[in-house]
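Colleague: I'd like to ask some things about the structure below.
The values are calculated or read from the model by the stated rules, or taken from the named source; none is laboratory data. The structure displayed is predicted, hence computed values, not measured ones. Note: ideal-geometry Cβ built from the backbone for every residue, glycine included; neighbour counts use all protein chains shown. Ligands, DNA and RNA are stripped out before the accessible areas are found, and what is left, the full protein with its side chains, is counted by its heavy atoms. Shrake-Rupley method; radii C 1.70, N 1.55, O 1.52, S 1.80 Å.
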Amino acid sequence: MSLKTNNKEHMNTKKNYHNKNHSEPNDTLIYALGGLGEVGKNMYCLEHDNEICIIDCGVLFPGDDLLGVDYVIPDYHHLIRVNKKNKVLVITHGHEDHIGGIPFLLKQVKIDAIYAPRFAKALISKKLSEHKGLENTKIIEINEDSRVKTKYFTVGFFNTIHSIPDSLGVLITTPNGSVVHTGDFKFDLTPVGTNADYQKMAYIGALRPDLLLSDSTNSGVEGFSISEKKVASEILEIMHNTKKRLIVATFASNVHRVAQIIEAATKCNRKVIVFGRSMENIVNIGRQMGTIHIKDSDLLAPEDLSFVPDSRICIICTGSQGEPLAALSRIASGTHRFIHLKPGDTIVFSSNPIPGNATSVNKVVDKLFRSGATVLTKSVFTNLHTTGHASKEEQKLMIQLIQPKYFMPIHGEYKMLMQHRQTACETGIPKENIFVCANGDILILRNHEIIQSDWRYQGDDIYVDGNDISGLSTAVLKDRKILADNGLVAVILAIDSKENKILMRPVIVSRGFVFIKDSQSLIKEAEFIVHNSLLEKMKEKTTFSEIKNCVRSTLEPFLYKKTHRNPIVIPVIINSKKTMEELAQARKARNWPNK
């Protein structure tokens, strides 16, 4: 009797555990497809029954190890799988890591509506106009007073401060509770542009929302961030004190900074010229939106540069991160079409190097110094840059204003998420109520309680080459890495498949593997070894695939033994006597024996 009772209790416990960690029909699911464990490709989803509310859809810019990749986007596999569900996309602001993936999403997933603040809407419209078939996508403008209502979700907004205009935080009310998403934010008591809505945040906090998703980018930075107005003041002072040309490099996405630089230039009676495609787009859209104020008469065309005194010129350009093709890198290298540096030029870096870019930035700075220019960068003595993301004390303030029951750090590398977790603990949130998740992990919101599921969705990276949204396989990137490190060896074979014989000794062509002139003996020996291996192979009937495998299995170990390198070996089989004769003539011209 006792044994049966224990078994029954065990079964009930197992059943309760199963129910607790697996979703039920009335649960609300919360998960990220991008933005966790990385700074970029932000995409957060709330799913209830047949509806999904998506917050942001960004890209991640690839590192040097992703050869030839233009963008990294989230894996939309789950959204494609549930394409019949109703989906709305809500945008918090217009930076690429929050809107850059929209064209790729729209080509694969049905979205009922896109809701975006004013500046983000203009940037998205510009982006979609460059993608055939997406030009007429309907984008609904929202602001801090807007309300988006679907069957299961009610979405409200509040103003935040960031480095781009019209940045919003989001409050989502679901059948199981409420969720706050901060978007990217900071607190600035003397802001440029719209102030943060402290009163609305405090009101939301009084309602005691269930879960807060909060920006973690600067979790490791102590104190409060510098005010944008201090940076503006510093740049204005430099403008006054500079007697020759002034070149300012900054992030095109930092719209408030660009506006401040232009304002300082016009105050100092300088004409402004803008270089860099992204910078030109931002200035044009900023002027249309009324965020950037400059008269046409104060803007220079490239051909006007030579007619304006150096003391009246301010050049604003991209390239503050040392990007090889950006305007500032070309200026430093002397390859820019319109600008050539002169001794006495002053270059201002109004930015900080993103982690991993310091070497590239230092190379550009060195070239600028060699040209005789004066280079100013952010230091303890200058306030030439401030972040758009909350430092540790600002993150604490956000938590204290919102007063959530549960907390989930987002938008950051794993280290940043863990640092933000510690900050949340310091504000009084219990450790067991804080969830540090990875892309694809699922939180279940059930009757105002949060449970972490023991199953997950796919949260992989998809690599985009050009506008191809199929994604590059790992094998393609592996081949590119091998090509970059070890080069390529092509083995050209002329055979007669009818007679099952080799018509001439194989010809080996190398690119990026060894210096041909110094390696003639190696190439000839390799051709000889491959030839003998093929003669043995073709003593009996064989297939093209077997011939190629024979070439690879013979040549790859030989080349590694001789050079300790593993190039990609590509056999090329020519089954044509005419082509063979042409190859024989080419071989004769190179003075290589046929036997």
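Colleague: Hey, among the residues in region 410-420 that are farther than 17 Å from Phe187 by Cβ and outside any helix (DSSP H, G or I), which one's most open to solvent (accessible area, probe 1.4 Å)?
Modeller: Of all residues in region 410-420, those farther than 17 Å from Phe187 by Cβ come to 410, 412-419.
After this cut, where a residue has to be outside any helix (DSSP H, G or I) as well, the list is 410, 412-413.
Details: Ile410: 3, Gly412: 0, Glu413: 80 Å².
Across region 410-420, the extreme among qualifying residues is Glu413.
Colleague: Looking at region 545-563, I want the residues that are in a helix (DSSP H, G or I) and have a partner that is among the basic types (Lys, Arg) and modelled with pLDDT under 90 with Cβ atoms under 8 Å, at least 6 apart or on another chain. Which pairs are those?
Modeller: Short answer, once both residue conditions are applied: Glu546/Lys537; Ile547/Lys537; Cys550/Lys537; Leu559/Arg565.
Colleague: Turning to a different aspect of this structure: List, please: which pairs have Cβ atoms under 7 Å, are six or more places apart or on different chains, and start with a residue in region 357-379 that is more than 16 Å from Gln321 (Cα to Cα) and modelled with pLDDT under 90 and end with one that is surrounded by fewer than 18 Cβ atoms within 10 Å (Cβ to Cβ) and of a type outside the set (D, E, K, R)?
Modeller: none
Colleague: Go through region 355-409 and give me each residue that's within 21 Å of Gly428 (Cβ to Cβ), part of a loop (DSSP other than H, G, I, E, B) and of a type outside the set (Ser, Thr, Tyr).
Modeller: Correct list: Ala390, Gln403, Pro404, Lys405.
Colleague: From the list Cys314, Cys268, pick out the single residue that is touching a strand residue (DSSP E or B) at 6+ places or on another chain (Cβ under 7 Å) and either of a type in the set (Lys, Arg) or surrounded by 14 or more Cβ atoms within 10 Å (Cβ to Cβ) (or both).
Modeller: Numbers: Cys268 fails: touching a strand residue (DSSP E or B) at 6+ places or on another chain (Cβ under 7 Å).
Just one listed residue meets the conditions, Cys314.
Colleague: Same structure, new question: Among residues belonging to region 495-554 that are among the hydroxyl-bearing types (Ser, Thr, Tyr) and closer than 23 Å to Ala484 by Cα, point out the one that is most open to solvent (accessible area, probe 1.4 Å).
Modeller: As a first pass, look at region 495-554 and keep what is among the hydroxyl-bearing types (Ser, Thr, Tyr): 497, 510, 519, 521, 533, 542-543, 545, 553-554.
Now restrict to residues that are closer than 23 Å to Ala484 by Cα: 510, 519, 553-554.
Numbers: Ser510: 6, Ser519: 18, Ser553: 78, Thr554: 31 Å².
Among those residues, the one meeting the criterion is Ser553.
Colleague: Filter region 502-535 down to the residues that are of a type in the set (Gly, Ala, Ser), within 46 Å of the chain's Cα centre (by Cα) and over 19 Å from Lys548 (Cβ atoms), then identify the one that is modelled with the lowest pLDDT. So that I can check it myself, show each step before the final result.
Modeller: Our first condition is that a residue be of a type in the set (Gly, Ala, Ser); within region 502-535, this holds for 510, 512, 519, 521, 526, 533.
Narrowing further to those that are within 46 Å of the chain's Cα centre (by Cα): 510, 512, 519, 526.
If we keep only those that are over 19 Å from Lys548 (Cβ atoms) as well, we get 512, 519.
On the way: Gly512: 88, Ser519: 84.
Residue satisfying both the conditions and the ranking: Ser519.
Colleague: In the set Ile313, Ile354, Ile247, Ile262, which member is in contact (Cβ under 8 Å) with a residue 24 or more places away in the chain, of a type in the set (Val, Ile, Thr) and over 24 Å from Phe369 (Cα atoms)?
Modeller: Numbers: Ile313 fails: over 24 Å from Phe369 (Cα atoms); Ile354 fails: over 24 Å from Phe369 (Cα atoms); Ile247 fails: over 24 Å from Phe369 (Cα atoms).
Every option except Ile262 fails the conditions.
Colleague: For region 383-397: of the residues being open to solvent by less than 30 Å² (accessible area, probe 1.4 Å) and touching a helix residue (DSSP H, G or I) at 6+ places or on another chain (Cβ under 8 Å), which is nearest to Glu228 (Cα to Cα)?
Modeller: Thr386
Colleague: For region 59-99, name all the residues that are aliphatic (A, V, I, L, M) and either over 22 Å from Leu171 (Cα atoms) or not in a strand (DSSP E or B) (or both). Even if it seems obvious, please write down each step before you answer.
Modeller: Applying the first criterion (aliphatic (A, V, I, L, M)) to region 59-99 yields 59-60, 66-67, 69, 72-73, 79-80, 82, 88-91, 99.
The answer is Val59, Leu60, Leu66, Leu67, Val69, Val72, Ile73, Leu79, Ile80, Val82, Ile91, Ile99.
Colleague: Given the structure, is Thr190 within 21 Å of the chain's Cα centre (by Cα) and more than 19 Å from Thr266 (Cβ to Cβ)? Reasoning before the result, please.
Modeller: Details: within 21 Å of the chain's Cα centre (by Cα): no; more than 19 Å from Thr266 (Cβ to Cβ): yes.
It is false that Thr190 is within 21 Å of the chain's Cα centre (by Cα) and more than 19 Å from Thr266 (Cβ to Cβ).
Colleague: Restricted to region 343-356, and to residues that are within 16 Å of the chain's Cα centre (by Cα) and surrounded by 13 or more Cβ atoms within 10 Å (Cβ to Cβ), which residue is modelled with the highest pLDDT?
Modeller: Pro353
Colleague: Another question, if that's okay. Please go through region 256-271 and give me each residue that is of a type outside the set (Lys, Arg) and not in a loop (DSSP other than H, G, I, E, B), ordered by number.
Modeller: So the first thing to find is which residues in region 256-271 are of a type outside the set (Lys, Arg), and the list is 256, 258-266, 268-269.
Of everything in region 256-271, those that are of a type outside the set (Lys, Arg) and not in a loop (DSSP other than H, G, I, E, B) turn out to be His256, Val258, Ala259, Gln260, Ile261, Ile262, Glu263, Ala264, Ala265, Thr266.
Colleague: If you don't mind, there's one more thing I want to ask. Going through region 279-290 one residue at a time, which ones are more than 21 Å from Leu384 (Cα to Cα) and either touching a residue at least 12 places away in the same chain (Cβ under 8 Å) or among the small types (Gly, Ala, Ser) (or both)? Let's see the steps before the verdict.
Modeller: Here is the first cut: in region 279-290, the residues more than 21 Å from Leu384 (Cα to Cα) are 280-281, 284-290.
Answer for region 279-290, where residues must be more than 21 Å from Leu384 (Cα to Cα) and either touching a residue at least 12 places away in the same chain (Cβ under 8 Å) or among the small types (Gly, Ala, Ser) (or both): Asn281, Ile285, Gly286, Gln288, Met289, Gly290.
Colleague: Based on this model, can you work out whether Lys132 counts as farther than 20 Å from Ala424 by Cβ, open to solvent by 20 Å² or more (accessible area, probe 1.4 Å) and under 27 Å from the mean Cα position of the chain (by Cα)? Write out each step before concluding.
Modeller: Working: farther than 20 Å from Ala424 by Cβ: yes; open to solvent by 20 Å² or more (accessible area, probe 1.4 Å): yes; under 27 Å from the mean Cα position of the chain (by Cα): yes.
Criteria met by Lys132.
Colleague: I would also like to ask the following. Working carefully through the options Ile399, Ile442, Ile434, find the one that is more than 29 Å from Ile73 (Cβ to Cβ) and modelled with pLDDT of 95 or more.
Modeller: Details: Ile442 fails: more than 29 Å from Ile73 (Cβ to Cβ); Ile434 fails: more than 29 Å from Ile73 (Cβ to Cβ).
None of the others qualify; the one that does is Ile399.
Colleague: Of all residues in region 95-112 being under 29 Å from Lys186 (Cβ atoms) and open to solvent by 10 Å² or more (accessible area, probe 1.4 Å), which is nearest to the chain's Cα centre (by Cα)?
Modeller: Asp97
Colleague: Identify, from the list Lys151, Lys138, the residue that is open to solvent by 10 Å² or more (accessible area, probe 1.4 Å) and modelled with pLDDT under 95. Lay out the reasoning, then the answer.
Modeller: Working: Lys151 fails: modelled with pLDDT under 95.
Result of the check over Lys151, Lys138: Lys138.
Colleague: Looking at Glu499, is it over 24 Å from the mean Cα position of the chain (by Cα) and acidic (Asp, Glu)? Explain how you work it out, then say what you get.
Modeller: Working: over 24 Å from the mean Cα position of the chain (by Cα): yes; acidic (Asp, Glu): yes.
Against the criterion (over 24 Å from the mean Cα position of the chain (by Cα) and acidic (Asp, Glu)), Glu499 qualifies.
Colleague: A further question follows. I need the full set of residues from region 316-348 which are free of Cβ contacts under 8 Å to residues at least 60 places away in the same chain and hydroxyl-bearing (Ser, Thr, Tyr), in order please.
Modeller: Ser329, Ser333, Thr335
Colleague: Next question. So, Val375, is that one within 27 Å of Gly344 (Cα to Cα) and buried (at least 22 other Cβ atoms within 10 Å of the Cβ) or not?
Modeller: Numbers: within 27 Å of Gly344 (Cα to Cα): yes; buried (at least 22 other Cβ atoms within 10 Å of the Cβ): no.
No: the conditions fail for Val375.
Colleague: crowded, with 18+ Cβ neighbours inside 10 Å, more than 22 Å from the chain's Cα centre (by Cα) and among the polar types (S, T, N, Q): does that describe Gln288?
Modeller: On the way: crowded, with 18+ Cβ neighbours inside 10 Å: no; more than 22 Å from the chain's Cα centre (by Cα): yes; among the polar types (S, T, N, Q): yes.
In short, no.
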